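To start, the structure under review is shown below, and the notes come after it.
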2 protein chains.
Amino acid sequence: MRKWAVLNSAVVIENWPYHRTRQDRVRLHNGDAITYYVQEHPDWVNAVVLTPRRQIVLVRQYRHAVGDFVLEVPGGMVEPGEEPAAAIVREVSEETGYVSPLAPICLGSFWPNPAVQTNRVVSFLLLDAAPGSPLHPDRTEDLERVEMTWDRYGELMAQGELPHLFSAVTYYRAREYLSRRRGGERP
Amino acid sequence: MRKWAVLNSAVVIENWPYHRTRQDRVRLHNGDAITYYVQEHPDWVNAVVLTPRRQIVLVRQYRHAVGDFVLEVPGGMVEPGEEPAAAIVREVSEETGYVSPLAPICLGSFWPNPAVQTNRVVSFLLLDAAPGSPLHPDRTEDLERVEMTWDRYGELMAQGELPHLFSAVTYYRAREYLSRRRGGERP
């Protein structure tokens with residue numbers, strides 16, 4: 001196995017800071033040359049946000065590619081020069097108005113789609129969160145905050161009623177972290 | 001909250017069956033008109049594949065957008081007119097040479113990125129898999145099959161050493177399914 005050789009490369013859609021599309025001409029392991037599209041994105045962050053009474057704080061918003069309203073954990077883009085932990089504190093505050101007195105707990109860092117997408121999504125857990133800041137959604141955002149018990153969220157997840165992939169990974173990582181902390185769940 | 005109104009729409013990159021990029025001019029809830037890019041993809045499938053001795057069957061391959069070799073569960077695209085369950089049987093066979101005597105168990109269906117991507121990824125569990133078919137990788141694929149125990153895979157996942165997001169969701173769903181089946185794990 002070896003890496004592809006890049007013969008040439010050009011940006012064909014410039015839509016930064018959201019994304020840019022790069023068109024690479026590459027030579028494969030078998031000698032074939034093909035055209036391959038890469039989506040460049042800044043890193044993303046998201047978080048399971050829990051209140052002291054074990055309510056999870058979610059957002060529902062319109063997601064244009066699927067043409068529907070999607071319930072998901074809060075999150076967003078890491079800004080230039082920003083640490084992921086600072087980015088998630090900012091995003092949770094902007095999208096939900098909630099703040100936590102504790103440092104965000106990092107649950108892991110993932111490639112959403114390493115074949116065609118350059119970035120990572122970093123997942124966090126925010127505990128003991130409470131209302132504490134005014135909402136500042138981005139101008140393209142139109143959000144509804146939703147709260148439910150952690151157990152109810154787990155039931156909906158198990159029933160397949162929460163199809164947002166990033167939220168699912170963050171939920172399972174948070175559950176694993178919380179179980180380990182109370183010395184429960186076996187792997 | 002309301003859906004965006006599409007003022008006009010054009011395909012700006014045609015790379016089907018892998019993807020196409022659509023450029024939509026849309027009007028937001030606040031009256032602003034913006035340009036928004038949508039990635040259209042066919043649905044994807046992936047699977048945790050386990051042998052009778054509880055080994056997981058994985059593939060390692062070069063992923064160009066991150067420029068590195070990535071260990072992941074087998075998977076791929078659903079072909080036109082194909083059922084997701086048939087697609088995963090085909091992909092597992094092509095990529096690993098393994099076949100299962102049992103029907104694939106559906107673990108759920110997720111939107112990888114509903115803001116900008118139209119498709120779903122459907123996750124499966126294949127049990128009692130064994131070598132049984134010759135490899136037929138796509139011509140752009142250069143794969144290495146990797147096996148390890150299910151417990152070892154769980155350790156690497158918990159340690160954050162398996163950053164492939166789709167694989168992580170499918171792992172956690174499979175673990176939940178297997179735990180429920182043996183009447184173990186609490187939510």
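Residues of segment B:77-95 include at least one that is out of contact with any Cys (no Cβ under 7 Å at 6 or more places or on another chain) and part of a strand (DSSP E or B).
Would segment A:105-114 turn up any residue that is in contact with a Cys (Cβ under 7 Å, 6 or more places away or on another chain), of a type outside the set (Asp, Glu), within 30 Å of B:Gly75 (Cα to Cα) and modelled with pLDDT of 95 or more? No: zero hits. Residues of segment A:123-145 that are within 9 Å of chain B (Cβ to nearest Cβ) and among the hydrophobic types (A, V, I, L, M, F, W, C): A:Leu143 alone. Of (1) within 9 Å of another protein chain (Cβ to nearest Cβ); (2) out of contact with any Phe, Trp or Tyr (no Cβ under 7 Å at 6 or more places or on another chain); (3) open to solvent by 30 Å² or more (accessible area, probe 1.4 Å), B:Arg120 satisfies all except one. Which? If we test B:Arg120 against (1) within 9 Å of another protein chain (Cβ to nearest Cβ); (2) out of contact with any Phe, Trp or Tyr (no Cβ under 7 Å at 6 or more places or on another chain); (3) open to solvent by 30 Å² or more (accessible area, probe 1.4 Å), just (2) comes out false.
Summed over segment A:1-53, the residues that are among the charged types (D, E, K, R), part of a loop (DSSP other than H, G, I, E, B) and either farther than 30 Å from A:Asp128 by Cα or free of Cβ contacts under 8 Å to residues at least 60 places away in the same chain (or both) give a count of 4.
Of everything in segment B:123-139 that is under 15 Å from B:Glu94 (Cβ atoms) and small (Gly, Ala, Ser), the residue that is least open to solvent (accessible area, probe 1.4 Å) is B:Ala129.
Could you check, for segment B:17-33, whether at least one of its residues is touching a Pro at 6+ places or on another chain (Cβ under 7 Å) and either modelled with pLDDT under 95 or over 30 Å from A:Val12 (Cα atoms) (or both)? Break it down stepwise before answering.
In the first step, residues of segment B:17-33 are kept if they are touching a Pro at 6+ places or on another chain (Cβ under 7 Å); the result is B:17.
Add one more test, that the residue is either modelled with pLDDT under 95 or over 30 Å from A:Val12 (Cα atoms) (or both), and what stays is B:17.
Within segment B:17-33, one or more residues are touching a Pro at 6+ places or on another chain (Cβ under 7 Å) and either modelled with pLDDT under 95 or over 30 Å from A:Val12 (Cα atoms) (or both).
Of the residues making up segment B:1-33, those that are within 11 Å of chain A (Cβ to nearest Cβ), open to solvent by 80 Å² or more (accessible area, probe 1.4 Å) and among the charged types (D, E, K, R) are B:Arg2, B:Lys3, B:Glu14.
Scan segment B:143-162 for residues that are touching a residue at least 60 places away in the same chain (Cβ under 8 Å), closer than 25 Å to A:Val116 by Cα and outside any strand (DSSP E or B) and the total you get is 2.
Restricting segment B:87-100 to residues that are surrounded by fewer than 18 Cβ atoms within 10 Å (Cβ to Cβ) and out of contact with any Asp or Glu (no Cβ under 9 Å at 6 or more places or on another chain), which is farthest from the other protein chains (Cβ to nearest Cβ)? Going through the qualifying residues, I end up with B:Val99.
Among the candidates B:Ala115, B:Ala103, which residue alone is open to solvent by less than 30 Å² (accessible area, probe 1.4 Å), without any contact (Cβ under 8 Å) to a residue 24 or more places away in the chain, part of a loop (DSSP other than H, G, I, E, B) and of a type in the set (Gly, Ala, Ser)? It would help to see each step written out before you state the result.
On the way: B:Ala103 fails: open to solvent by less than 30 Å² (accessible area, probe 1.4 Å).
Residue meeting the stated conditions: B:Ala115.
For segment A:34-79, a tally of residues being over 24 Å from B:Ala115 (Cβ atoms) and within 11 Å of chain B (Cβ to nearest Cβ) returns 2.
In this entry, A:Asp43 passes the filter for residues that are open to solvent by 20 Å² or more (accessible area, probe 1.4 Å) and within 22 Å of A:Tyr172 (Cβ to Cβ). The number of residues in segment B:140-157 that are more than 19 Å from the chain's Cα centre (by Cα) and open to solvent by 60 Å² or more (accessible area, probe 1.4 Å) comes to 4.
The values are calculated or read from the model by the stated rules, or taken from the named source; none is laboratory data. The shown structure was predicted, so the numbers you read here are calculated from the model rather than taken from an experiment. Heads up, the Cβs are rebuilt from the backbone with ideal geometry, glycines too, and the neighbour counts pull from every protein chain shown. Ligands, DNA and RNA are stripped out before the accessible areas are found, and what is left, the full protein with its side chains, is counted by its heavy atoms. Shrake-Rupley method; radii C 1.70, N 1.55, O 1.52, S 1.80 Å.
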